[in-house]
Amino acid sequence: MTLTIDRVYKQFGRFPALAGVSLEARDGEFLTLLGPSGSGKTTLLRVLAGLDRPDHGCVFLDGQDFLALSARERRVGLVFQQYALFRHMTVAQNIAFGLDVRPRRTRPPRATIKQRVQELLALTQIEGLGGRYPAQLSGGQRQRVAVARALAVEPRLLLLDEPFGALDAKVRKELRDELRRIHDATGVTTILVTHDQEEAMALADRVVLMNAGRVEQIGAPWELDDAPASPFVFAFLGETNRLACEVRGGVARFEGFTAEVRQPAAADGRGTALFRPYDTRLDASANAEGLPVRVVDVRGRGGVRAVECQALSGQRFIAELPQSAADRLEVGQRARLTARRVMVDFADTEPVRPRAPERLAPRERRPISPSDPS
Amino acid sequence: MNAAAARRVDRPGPLVLVMVAVAWLLVVIGLPLATVVVQALAKGLGVFFGTFRQPDAVAAIRLTLLAAAIAVPLNAAFGLAAAWSIAKFEFRGKSLLITLIDLPLSMSPVISGLVWVLLLGARGWFGPVLAAAGVKVIFAVPGIVLATILVTVPLIARELIPLMIEQGTEEELAATTLGAGGWSVFFRVTLPNVRWALLHGVLLCNARAMGEFGAVSVLSGHIRGVTETLPLHIEALYNDYDFAGAFSAASLLAGLAIVTLIAKTALERAGAVNPSSRGFHAP
């Protein structure tokens, strides 16, 4: 089932939730819609499920005009964030629902439905729970029931809205692998919405990175990593250090060092360089070149250490170093910082200012108020 | 769940509190109730049962049941429709509708009766039209039914609205994407999800419909054997100094109330045991 989304717009009041989204999902593909909250990914999912109508634009599934069909007619399996299981029905009744409500002439015989429920219970590995009520299940089990229920109608498209949001980390990882296995077993074209970049990258054949109602980039996870289409993509996909720079002749120049620019054929000009902790080096030897910094903190486990350091300006950076290199550094020690490869945001030409490196861990994120120049 | 959380009473302080509460309830509720029964049986079982064989009493019981039988299903249908639209849709005037539903609870039943007189009475807005059509509403059975409906409007809707709001619309949306049509969604998902609350509301509505005095009194005209409901009949008997008769009829009404209460408690028990009945998912 090839899904084609063509220039879809959707506005809520004066807020454009989707500002011209076009993309294509190939038959049997696993796509993830990734983006910050408010980027329009859930709205796009609801448009696909038939729960919202776009203001304009087209959606085709195998050449059929999908928008002409009601939610009821689309045969789309939708898994809700809070699962939305029917609380007064047993697990088996929940799974059978989509088959039970079919009009008599298309409804499979009772025995077939029963068998199908058993197959789905087995597929989602919750055999033996068929007689329970949703309230008697754990979060992970409910999630499995929701997936089984959506698959029961043999959907042409499986849509999942932040399906792991309400689960703890371990269960989440487990279910993620499970979902990928189920997808591979059924071959159903799947679209999953998430704000968790690690989840999106781990699951998808291709990731659709959305921002402010638009698609920023579509590509395989490694493509997004290797060739981010914009500074937004780069910053969203991982921990990012920032430092003002000037680009001349395709090379980013900083006080004390230069670095390779990721963008091919970057024009000359001022901007802010974005670079990953793993592209960041620290050298504590006497004759080292680079931005003078002081080590503030060393954290980490295994063979890798995250070294936090601070420049004279107060700006902070994270450098990810092998354990052997980090062992030579102590808190309070002076060192020189250099970056190997940087992405330059030419739209951001603010002078150097104190700023913590961006991190994706939720506890580190602060809401950005409009008055905040960052 | 509250019972499990509460501590057992074994210290003197709480024990005194419990005893005060029980004593208070015995005095203000138990004592009058006992009086009703004692007075009803004061002249023996013969007189007690004789009361219900009088044609006026039979007519009053019949009219009471009729009014309840019309008012309760109508209010159940209205309550469901109102709760459904309030809980599942956004529309202008929603808070006004919620306020309107509550209005009969906050105004005196006498007013609930009077509005119908002002609307449909001989000198009311629609009085001449009705008179010309030969339809008699005021001081007749239709008026009594109307008054009963107005007074009991909030009872079922108020049971359903908070529950339906809490349950949200996701289950309905899920049912729709699974291919269920509107009626199917309603009968298979929405209605089962609120069935205990609905029954609870129906019982409350029924109790009120059978016991309503004020509004019905205004519209009844007190024609014996014709427009008297059970509560009005009790008053009439009492005014006639037929205390045994009045208390016998009263004990019937009180009995109905107690049966309703027992049914309600049984329902709540069933609801608490069945994990699927109330709105909450266990953590």
Per-residue ellipticity at 222 nm for chain B, helices alone: DSSP H runs ≥ 4 residues times -39500 (n - 2.57), over residue total, nearest 500 deg cm²/dmol? -23500 deg cm²/dmol
If I model a spin label as a point 7 Å beyond the Cα along the Cα-Cβ vector, how far apart are those points for A:GLU127 and A:GLU246 in nm? 7.1
Most exposed to least, judged by fewest other Cβ atoms within 10 Å, A:PHE164, A:PHE15 sort to A:PHE15, A:PHE164
quick note, the protein assembly as shown, DSSP beta bridge pairs, % antiparallel (nearest 5) is 75
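When only Cα pairs under 8 Å and 6 or more residues apart are kept, what is the percent relative contact order across chain A?
The value is 15 percent.
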For A:GLY57, distant residues with modelled amide H under 5 Å away: A:TYR9
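Within 10 Å of each Cβ in A:97-105, how many Cβ atoms from other chains are there, averaged over the peptide?
Working: counts 8, 6, 2, 5, 10, 4, 3, 0, 0.
Counting Cβ atoms of other protein chains within 10 Å of each residue's Cβ and averaging gives 4.
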Quick calc: nm separation of the 7 Å Cα→Cβ label points for B:LEU66 and A:ALA325 -> 9.5
Sorted largest first, the Cα spans of the protein assembly as shown on the principal axes come out in Å as 116, 69, 56
Amide H of A:GLN263: which non-local residues (sequence gap of 5 or more, or other chain) have their own amide H closer than 5 Å, using H built in the peptide plane? A:VAL344
Going by how many other Cβ atoms sit within 10 Å of their own, how do B:TRP183, B:TRP125, B:TRP116 line up, fewest first? B:TRP183, B:TRP125, B:TRP116
Correct semi-axes for chain A, from √(5λ) of the alpha-carbon gyration tensor and rounded to whole Å with the largest first, are 47, 24, 16
Share antiparallel - DSSP beta bridges, chain A, percent rounded to 5: 75
Straight-line reach from A:LYS10: which lysines have a Cα under 29 Å away, not including same-chain ones fewer than 8 places off? A:LYS41, B:LYS88, B:LYS94
Asserting the computed 222 nm helical MRE of chain A (DSSP H runs at least 4 long, -39500 (n - 2.57) per run, divided by residue count, to nearest 500) equals -7000 deg cm²/dmol
Looking at B:VAL259, A:GLY256, B:SER85, which one has the Cα that reaches farthest to the positive end of the dipole of the protein assembly as shown (charges on Cβ: Lys, Arg +1; Asp, Glu -1)? B:VAL259
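Looking at the square roots a ≥ b ≥ c of the eigenvalues of the Cα gyration tensor of the stretch A:127-166, which shape do they give, rounded for a/c under 1.5, prolate if a/b is larger than b/c, or oblate? Please report the intermediate quantities before stating the final value.
Details: a/c = 3.23, a/b = 1.32, b/c = 2.45.
Note, shape of the stretch A:127-166 comes out oblate.
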With R₀ set to 51 angstrom, the calculated FRET efficiency between the beta-carbons of A:ARG14 and B:LEU25, to the nearest 0.05, is 0.30
Here the residues of the stretch B:245-270 lying in the modelled label zone of B:LEU41, meaning backbone nitrogen under 14 Å from a point 7 Å along Cα-to-Cβ, are B:248, B:251-252, B:255
Can you work out ³J(HN,Hα) from phi for every residue in the stretch A:53-63, in order, using Karplus 6.51 cos²θ - 1.76 cosθ + 1.60 and θ = phi - 60°, giving whole Hz and x for Gly and Pro? 9, x, 6, 8, x, 10, 10, 10, 10, 6, x
In whole angstrom, how far apart do the alpha carbon centroids of the stretch A:120-142 and the stretch A:286-337 sit? 49
Just for the Cα atoms in the stretch B:47-277, what are the lengths along the principal axes, largest first, rounded to whole Å? 64, 46, 28
Quick one: which residues, 5+ away or cross-chain, put their amide H under 5 Å from the amide H of A:GLN217? H built at 1.01 Å from N. A:LEU209
Quantify how much of the Cα-Cα distance distribution of the stretch A:62-209 extends past 28 Å, in percent. 18
Residue-ordered couplings for the stretch A:198-213, obtained by feeding phi - 60° into the Karplus form 6.51 cos²θ - 1.76 cosθ + 1.60 and rounding to whole Hz (Gly and Pro as x), are 5, 4, 4, 5, 6, 8, 8, 6, 9, 9, 9, 8, 10, 8, 6, x
Just tell me which lysines come within less than 18 Å, Cα to Cα, of B:LYS136; anything on the same chain fewer than 8 places away is out. none
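What does the convex hull of the alpha-carbon atoms of the stretch A:92-134 project to on average, in nm²? Please list the in-between numbers first.
Details: hull surface 12.0 nm².
About 3.0 nm², averaged over all directions.
Which whole-number percent gives the relative contact order of chain B, counting Cα pairs below 8 Å spaced six or more residues apart? Don't skip to the end; give the middle numbers.
Values: 329 pairs, mean separation 82.9, N = 283.
Averaging sequence separation for qualifying contacts and normalising by length gives 29 percent for chain B.
Values in this text are rule-based calculations from the coordinates and carry no lab data. All of these numbers come straight from a predicted model, not from anything done at the bench. Note that we place each Cβ from the backbone using ideal geometry, even for glycine, and neighbour counts take in every protein chain shown.
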